[in-house]
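The next block holds one structure in the form of structure tokens; read it before the comments.
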Amino acid sequence: MKKYNITLEKINQVVENTDKSILDNINIDLDIDKSLKPKKQQEHKSDTVLSIKNLHVYFKTHGHDNHVIRGISLDIKRGETFAIVGESGSGKSVFTKCLNGMNDSNSKIKQGHIYLNGVSIHDPKVTKRLFKKEDTRKNILTLFKSRSTEQVNEKTIAEKKKQDSKIINKLIKEKNKVDFDKLVLDKQTALQKTCDEKKLFYDLYYTDMINRSLNRKSKSSLKKQKLVSKYSHKVDKLMRSHELYFGSDELKAIITENLDSFKHGKLYTTLENNIEEISAFIRNLKTNPEQVEKTLQNDFKLYLTNVQTKVSNYNQSLCNTPEESNALLSDIFKAVNESGEQFISEDVVKVLLNCLLTTVKTLQKHYKVMENNIYTKVVEFVTKRPIEVERTLQTHAKALNNYMLLVNIYTEYLDIYYNVLNKIEDYLIRRSSNLQKYFMSKADKDKQENLNLYKEFLNSNKEVNSKRYKEIQSSIESLTKTLDKQSETISEELNKMLTERCLQNKPYLDTKLFNAEERKFMSSFTNDDLMYILQAKLKLIELYTLRKKYLSNTEQYKSELLNSFQAHDIERFKKYAKVINPSLLRYVQDINKAQQNVLKVNKDIDARIKMLDQKLPTYETRLELLETERTSKVSYLNQQIEMSTEKIIHEIETSDISNANVIINLDKFIFDVKNLCNVDVKIEESKLVNNPHSDDLVESLKRRGVINGDTVDLAKFKTNKEWSMIRGSRIATIFQDPMTSLNPLISIGEQISEVLRIHHNLSKVEAKKEALSLLTKVKIPEPEKRYKEYPFQYSGGMRQRVVIAIALACRPDILICDEPTTALDVTVQSQILDLIKELQKDYHFTIVFITHDLGVVAGVADRIGVMYGGQIVEYGTDEDIFYRPLHPYTWALLSSLPQLAVPDEPLTYIKGNPPSFNKEIQGDSFAPRSNYAMKIDFIMEPEMFKVSETHFAKTWLLDKRAPKVKKPLIIRNLESRMQETAKEFLATQKEEN
Amino acid sequence: MSVEKENVKVSPQEDNIIELKHVRIGFKSGTQMRVVIDDLNLNIKRGEILGLVGESGSGKTTIGRAIARIIPTISGSILYNGVQINGKIPYSLDRELKTKIQMIYQDPSASLNERANVDYIVSEGLRAFHMYKNEKERLQKVSDIIVRVGLRPEHLKRFPHEFSGGQRQRIGIARSIVMNPEMIIADEPISALDVSIRAQILNLISDFRREKNMTVLFIAHDLSVVKYISDRIAVIYQGQIVEVASSDHLFELPLHPYTQALLTAIPIPDPHIEKNKQVRIYQNTTDPTKTKLFEVYKDHFVRCLPEEEHIYRSKAEEYYKKHQSK
């Protein structure tokens, strides 16, 4: 026995040493009672987990709003069990579904808040991501695992057990005490080892945690710097762009930069095409004579020959008949007129002039012939008739007239030529306007570029125009010269002709061959002739004047052109200014905006910096948490060790050495301790290890005001993603029907381990281990075998146990039990209730228990709220509700319990149906069904009357003015009835007790 | 004296409407036969409400269904007014039984034809057995029963989904009572209902029993409900009747440990008692083939080993003496 004592002392020493070392590190007092067995009542006063404030929920059906939850205000305290009791249709389920965001899509929280206190929430996905990044942690874990797995492996353990038992049996048989002592020693040294390992693990783990949090701190500061630099860079960029736009040199640079891209653009090609067209046109204009000569010379020659032949014909015909010749001439003119539009050039005019000259020459010849004829005719006339001579002379005059007509036509041609020039100008103007449109439509940078291009174009145009003016001028000058020459020659020739004729006629006149009458006629003839010549001269003068006119016109035109160009330029620039000004304004506005943005960004940065600063204390609190956790873990370990050692001592002391179970138990205990710490640490850690800095969702929620420090307003949650931070990990739910809440196609074990793997990133093996421990915790026999089975192989109670296991997998803060036992037997119901109570002691969660059965509530709830018509009608502690009920609805509920029923009397029940939410309820919602309804109940909704610190009821019966009411029989004798029922049902138990 | 012997000897007792003798019921699962109820003996007296209590899976519903000829028996006999009604029986008897024995089912939402209106649901049995002279009489019958059950005649044209759970269960009761049966098998008619509605349905069933002198086999798992409604209670555990007694005496003197466990499971609406009470879980340790049902006192049967009989008997005698003296 002494030997055992020594070993036990050693163990105790080791344990103490570990304690002291840890204590020294942490400097926190260990208080096992506080950390492991928190006293409920202390926590009751301290904090509320859920505080619901004036909650209003509407359901939209058929376009009508149903007011289902009508103003609920509640505080649910940490660690308590709050039961909500009411009929179906009173809104209990709707209310609780608001707490975990599982209400139907047509429901809406219109008013009120649901504050979840003392919770730091995070995105579970983020933790998953983080876990993968964390290498150091894994290393530590693997370090720890590699040692522990040897013993963790269950098969090896089983084998070891067998071996041990064999050895022990042998030893017992041999009664070899010394060896047995050795074995015990070995086992206890192993325990010591595990304790050391634990200590090492905790040290490593927590130092790592602290290091990581410090790292995070530094990282966050780095992030801060990065942010600042990033935004400053952005601002610089913005400012630079702003300068670029307004600096002339840089503008040029931009233009040159963009020129290449611009060249490849469509606009440039079209512009080029336009310019090419224009230049081609100009080139044509320049080369026109040559090209026209080349292209039209053939036609022209043909035409000329035609004309010449026609002229020759005419000449010939002149000989024959002057009228025909006239007709021919007119034909020629017509032809010339018609073709005039086609052939408009100097050469044409020249050719025509030549043609005219030839005609004139022919006319001269003809004239000579005529003179000869005249002469002969005169002779004939002298001999025969002077009138015929006169006629011939008249025809001559007509011919001259026609000649004048020709000159007129020539001038018309000039007109046409100018028209064409005008057209060209119009075309140019149109082009420019088109270009203008192009420029208008382009972006500002392009516009600048366009402007330059356009200026160049205009310059080139000007050059071309000036060239053309020169050409026109030269052509006009040449024309005028030729006209002058021709007119001179014509006049000279005519003069000559006339003088010659006169000289020639003189002898005739002088001759005395004629008689007086004849002389007179002759003189008159000469006079007429002279008159005719005079007329011709006058015509020539007109020609000169015309020429002068043209010259002046051309000058005018030139000036006009110039003016128009200038005007166009001005207009265009004005238009550009119009276009550019707003864009400039826009740029200015943009810059202003950018500056504002910069300010905003600065603010943001400030806010973030503030946030980061604020988070520093959270780190500290987290460290504290870690430390407290560590202490609790250590203390738990110690307690376990102590207990087990006590047990061992006890067993060893009481039993013989032959008790082999002692050693096996020791082994098992070591294994259990390891297992327990392994998974527990991991799960707690997954809740702690999340990094709120990388959590954008939480950030946005904080900005929206949903998260305020430790409190979260669940009423403002909207998306499933937001709810996923709360659901399961913070608030878990057990539903009424265990069959529908389990997937029939997936095995039970998988369904539990799935939750663990998703939420806590456990590996498959770890998750299975934890799932098995959960199954044993909810008291499912043979968990190893049951792990692989499917929901249909489970009975209802077992299924509900599995659902509870799944709900507890994440160690939630709040567990909502939505009628968990209504589908179950009475016996199973009581078992499940016991289980829930037991688990609450282990896990310290808050329960919100929903049921319609007040009997069920009595054993479970610390506080009870009676719900009716979407309102909490009465609430208080269990004693308040069961011993001193005040609301008629609570009375009705209690008296309808068959347990309390008076034998041989009909059961009391609540008449009518619960109120429909279709119409807005007036007054007390229970009034139509109540036996105690007063007039005021139908008019005004009663307020919540405070009866005591814990007890509240919403009925007018509590008003001072209300008459005293006789309560129903069962309620009056409530306590006696209760005792009776207790006697009835628990008679046997009391006997035994 | 054992019940078996008594039953065998005085077999066609006039006051017994139903007698179950050595009934054995099982289900085929694959090639194996899984026996659910083995060697069950039970009498149901005319005009009484017999509560059949047990946990789920104990075979309560199976017994009810076997009496209603929904499930066949393997062996044993079920006598109705002294006539065997299990196994092969003449067609005329089968038809007669269908009118005389009616069922009320557990789940009112699943047991009503969703596509038929209430009128059709209630009068379906009447149609099948031509229990009316003309249409007018049928309508009169249907509307009478629907009013009796607590609904209004205008509800006849509505469909089940338009009713609440309690109203549906009323329809279920109406359709079985309209046949004017001698016996009703109520298979957990209230377990899917709210507490306040439970009371209404219970009142309704007890009223009908009184009015029409029907016999009711009331199957339930909740002893508190059964205690209120039934005259006698039979406790069933794993396919075997464990204890039979009048409801008052069973509650005052629960002899079998399983009955005691069931009693502790009933939630008591008193927080102090409820929180301090310990729920017992009964686990059978004795071999069920060795145990037999003994009549410990008059009309009080307990299933136990023959060696234990005298203990129970002495307890019972002590109790009943006290009771009589009171």
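The values are calculated or read from the model by the stated rules, or taken from the named source; none is laboratory data. Model, not experiment: these values are computed from the prediction. Cβ placement follows ideal geometry from the backbone for every residue including glycine, while neighbour counts extend to all protein chains displayed.
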**OP:** Scan the stretch A:948-967 residue by residue and report those that are modelled with pLDDT of 85 or more and more than 17 Å from residue A:871 (Cβ to Cβ).
**Re:** A:948, A:949, A:950
Subject >> Any chance residue A:833 is assigned to a helix (DSSP H, G or I) and crowded, with 23+ Cβ neighbours inside 10 Å >> reply: yes
Original post:
Given the conditions (1) within 14 Å of chain B (Cβ to nearest Cβ); (2) in a loop (DSSP other than H, G, I, E, B); (3) touching a residue at least 24 places away in the same chain (Cβ under 8 Å), which single one is not true for residue A:894?
Top reply: (2)
Subject >> the stretch B:244-303, subset closer than 22 Å to residue B:195 by Cα and either part of a strand (DSSP E or B) or touching a strand residue (DSSP E or B) at 6+ places or on another chain (Cβ under 8 Å) (or both), residue nearest to the other protein chains (Cβ to nearest Cβ) >> reply: B:262
Original post:
Of the residues that sit in the stretch A:709-759 and are surrounded by fewer than 16 Cβ atoms within 10 Å (Cβ to Cβ) and among the basic types (Lys, Arg), which one is nearest to residue A:773 (Cα to Cα)?
Top reply: A:721
**OP:** Would you please name the residue that is farthest from the other protein chains (Cβ to nearest Cβ), looking only at residues in the stretch A:784-808 that are modelled with pLDDT of 85 or more and not in a helix (DSSP H, G or I)?
**Re:** A:787
**OP:** Search the stretch A:849-863 for residues that are more than 8 Å from every other protein chain (Cβ to nearest Cβ) and under 19 Å from residue B:278 (Cβ atoms) and pair each with any residue that is in a loop (DSSP other than H, G, I, E, B) and polar (S, T, N, Q) when their beta-carbon atoms are under 7 Å apart and the residues are at least 6 apart or on different chains.
**Re:** none
**OP:** Could you please let me know if residue B:234 is more than 7 Å from every other protein chain (Cβ to nearest Cβ), of a type outside the set (Ser, Thr, Tyr), within 27 Å of residue A:837 (Cα to Cα) and in contact (Cβ under 8 Å) with a residue 60 or more places away in the chain?
**Re:** no
**OP:** Could you tell me whether residue A:931 is modelled with pLDDT under 80, more than 10 Å from chain B (Cβ to nearest Cβ) and part of a loop (DSSP other than H, G, I, E, B)?
**Re:** no
**OP:** Test residue A:914 against the criterion of being facing chain B (nearest Cβ under 8 Å) and surrounded by fewer than 24 Cβ atoms within 10 Å (Cβ to Cβ), and give yes or no.
**Re:** no
Subject >> Residue that is surrounded by the most Cβ atoms within 10 Å (Cβ to Cβ), among those in the stretch A:809-830 that are within 14 Å of another protein chain (Cβ to nearest Cβ) and small (Gly, Ala, Ser) >> reply: A:830
**OP:** Would you check if there is a residue in the stretch B:112-134 being in contact (Cβ under 8 Å) with a residue 60 or more places away in the chain and not basic (Lys, Arg)?
**Re:** yes
Original post:
If you go through the stretch B:204-219 one residue at a time, do you hit one that is away from chain A (no Cβ under 14 Å), crowded, with 16+ Cβ neighbours inside 10 Å and touching a Phe, Trp or Tyr at 6+ places or on another chain (Cβ under 8 Å)?
Top reply: yes
Original post:
When you go through B:162, B:188 one by one, which is the residue that is acidic (Asp, Glu), in contact (Cβ under 8 Å) with a residue 24 or more places away in the chain, within 14 Å of chain A (Cβ to nearest Cβ) and more than 11 Å from residue B:102 (Cα to Cα)?
Top reply: B:188
Original post:
Would you pick out the residues in the stretch A:831-848 that are in contact (Cβ under 8 Å) with a residue 12 or more places away in the chain and either within 12 Å of another protein chain (Cβ to nearest Cβ) or β-branched (Val, Ile, Thr) (or both)?
Top reply: A:831, A:832, A:833, A:835, A:836, A:837, A:846, A:847, A:848
Original post:
Which members of the stretch B:128-160 meet the condition of being surrounded by fewer than 13 Cβ atoms within 10 Å (Cβ to Cβ), under 30 Å from the mean Cα position of the chain (by Cα) and assigned to a loop (DSSP other than H, G, I, E, B)?
Top reply: B:130, B:152
Original post:
Based on what the data block shows, is residue B:175 surrounded by fewer than 20 Cβ atoms within 10 Å (Cβ to Cβ), among the basic types (Lys, Arg), more than 14 Å from chain A (Cβ to nearest Cβ) and touching a residue at least 12 places away in the same chain (Cβ under 8 Å)?
Top reply: no
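Condition check ((1) more than 14 Å from chain B (Cβ to nearest Cβ); (2) part of a loop (DSSP other than H, G, I, E, B); (3) in contact with a Leu (Cβ under 7 Å, 6 or more places away or on another chain); (4) in contact (Cβ under 8 Å) with a residue 12 or more places away in the chain) across all residues:
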{"residue": "A:718", "(1), (2), (3), (4)": "yes, yes, no, no"}
{"residue": "A:722", "(1), (2), (3), (4)": "yes, no, yes, yes"}
{"residue": "A:736", "(1), (2), (3), (4)": "no, yes, no, yes"}
{"residue": "A:741", "(1), (2), (3), (4)": "yes, yes, no, yes"}
{"residue": "A:746", "(1), (2), (3), (4)": "yes, yes, no, yes"}
{"residue": "A:762", "(1), (2), (3), (4)": "yes, yes, yes, yes"}
{"residue": "A:772", "(1), (2), (3), (4)": "yes, no, no, yes"}
{"residue": "A:775", "(1), (2), (3), (4)": "yes, no, no, yes"}
{"residue": "A:779", "(1), (2), (3), (4)": "no, yes, yes, yes"}
